[in-house]
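Note sheet for the following structure.
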Amino acid sequence: MKESIVNDGALAGLRVIDAATLAAGPLIATWMGEQGAEVIKVEQPDGGDPLRQWGAQRDGIGLMWKSVARNKKCVTLNLRLEAGRDLLRSLTRQADVVIMNLRPSTLDKWALGYESLAAANPGLVMVHVTGYGAGGPKSDWPGFGTLGEAMSGFAHLTGTPDGPPTLPSFMLADGVAGLTATYAVMMALYYRDARGGTGQLIDINLIEPLARLLEQSVLTYDQLGTIPVRTGNRWDISAPRNTYRTSDGRWLAMSGSAPSIAMRALRAVGRPELTEDPKFAEAQQRLRNAAEIDAIMAGWIGQRTLDEALAVFEEAGVAAAPIYDAEQLLGDPQLQARGVYPSVDDEELGSMRVQAPVPRFSATPGAISHLGPRLGEHNAEVYRELLGLDGGRLAELHEQGVI
């Protein structure tokens, strides 16, 4: 029997330099930091990562920043100055992973590309997050998640049939790109550490990871010559599948993706005879008659409160769930029992509830040591301990606007 791993995080011993801004790149470092990696967040001294000013604020402090910068040590250095770029190069020489999202032309101009950094540290894994990816006519264009959500096909498929293409109200493309890049980093580290390989460059953009989840549209067009259109909350692979309003003004979501679940749903709403009708019993026929089965579900649910409808569906083994807002999410007994939203102490906010690390490991659980630090809070610690700079040199760099 193997001994249990020491509970200090699965990635303890790895050092990550987070030199990216806003969402996708920093999220990679956030998730690695939750699992024990040492993360050094690099920011410009004149304002720092724009994420600090992004979204909801309390007393001028960005709430999303507090969560995304959890567990990170924050240092400042001015990449517009050669002395600042030298500091970054020094940090990457002692790192396992560096994350950047500068334009390719800027990386080349500042000699911060992968080949330059890997020459001094062949084991370095570099993640380069851009809007469009390396190569091609748009490789140097600026890009944000909104553009990825548009060009991936997501907005085209989202919304009601007679409504406009719809963008998400959260950082979807950045999040999907960040998750994709995080598992890519782990594969690159496995190749380096378990197979005796070198470091390598990971090229990730904001379009392709999300487009991969929407590949069905391309497959359909390629093979059938048809372009899928917006269908609201319905989906042309599952019926019933929608959101339904209850008699008390709440909302319920249901999915009949598995044929057995769809049959249970019909029995639960008092229509067992339809389970013998080929229009509803056979999967492809059920999709062709989705509007009819949808109306049956909407009529039954609309006559009952949310609790009444959910009780019936739970008893019948139907896949249904309430649609939560933030307050209801925090109050859910299942999520409370699992401690999904712990309250973390913070010097600036007092405390703040954030989501716990995902996923959960039995031997090496992730942890939140602190929320987002102040700008440059760890300059002295990192530059003295990691680079050996003394107080006089730090003061000089500060005076020159380097840090």
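The values are calculated or read from the model by the stated rules, or taken from the named source; none is laboratory data. Being a predicted model, the structure only gives us computed values, none of them experimental. Accessible surface is based on the protein model in full, side chains and every heavy atom, while ligands, DNA and RNA are left aside. Shrake-Rupley method; radii C 1.70, N 1.55, O 1.52, S 1.80 Å.
Summary table
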| read-out | value |
| --- | --- |
| Label of the coordinate-derived value, mean projected area of the Cα convex hull in nm², listed as (1) 27.1; (2) 25.3; (3) 21.6 | (2) |
| The chain - percent of accessible surface contributed by carbon and sulfur, probe 1.4 Å | 54 |
| Karplus 3J(HN,Hα) series, Hz, for the stretch 155-165 with 6.51 cos²θ - 1.76 cosθ + 1.60 (x for Gly, Pro) | 5, 4, 8, 9, x, 7, x, 9, x, x, x |
| Proportion of all alpha-carbon pairs of the stretch 241-326 beyond 18 Å (%) | 36 |
| Accessible area expressed per residue, the stretch 111-235, with surrounding protein chains retained (probe 1.4 Å, Å²) | 55 |
| Under-5 Å amide H pairs with Ile207, H placed in peptide plane, nonlocal only | none |
| 19 Å Cα-Cα reach of Lys138 towards lysines, excluding residues that sit fewer than 8 places from it in its own chain | Lys109 |
| Expected 222 nm ellipticity per residue - DSSP helices of 4 or more, -39500 (n - 2.57), all of the chain, to 500 | -11000 deg cm²/dmol |
| Per residue value of the accessible surface for the stretch 241-326 (all protein chains in place, 1.4 Å probe), Å² | 52 |
| Among Asp390, Asp325, Asp49, residue whose mean-square fluctuation peaks in a GNM of the chain (springs only between Cα atoms under 10 Å) | Asp325 |
| Relative contact order (%) - criterion: Cα under 8 Å, at least six apart; region: the chain | 19 |
